[in-house]
1. Excluding residues fewer than 8 places away in the same chain, name every one of the lysines whose C-alpha is closer than 26 Å to that of Lys5.
2. By per-residue mean of other Cβ atoms within 10 Å, what is the highest-first order of 28-41, 85-98?
3. Ordering Ile77, Ile51 by accessible area with a probe of 1.4 Å, largest first, what comes out?
Amino acid sequence: MLYDKDTVYIVGDAQASVNNPITQQYSAFFIGLVIDTASHKIVDAGCSSTIPLTSEFVRSIFVGHTMYQFDAVAEEIRRRYHGSSQKALIVAFKDAQKKYKSALNGREEPGYTASGTV
């Protein structure tokens, strides 16, 4: 897949539990997000996983949301994702959100707060 020139790639990371197979394989949990900087929409997503279906499912949660919808995304993760990396996925998104804001040189969006809520 080719991405528009207005997109950026951001990686968020978090620690998963020690007994999590993802931690055993990768030492941490990562999500990769492709974001359209004009609309702040997530256009593609993937994560470190031991099963390809996991990454595909995580993609379905993130794609279409914006980077400024932390509460909505976190709630959707809690509602839909019942794997052992649920908390790590939320923390990794928060980390990605922080990195995205930094990548935009600290530009504040209307209604955006430091906690990531709109």
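The values are calculated or read from the model by the stated rules, or taken from the named source; none is laboratory data. None of these values were measured; they are calculated from a predicted model. Note: ideal-geometry Cβ built from the backbone for every residue, glycine included; neighbour counts use all protein chains shown. Protein only, heavy atoms only, side chains kept; ligands, DNA and RNA dropped before computing areas. Shrake-Rupley method; radii C 1.70, N 1.55, O 1.52, S 1.80 Å.
1. Lys41, Lys94, Lys98, Lys99, Lys101
2. 85-98, 28-41
3. So, going from the largest accessible area down, we get Ile51, Ile77.
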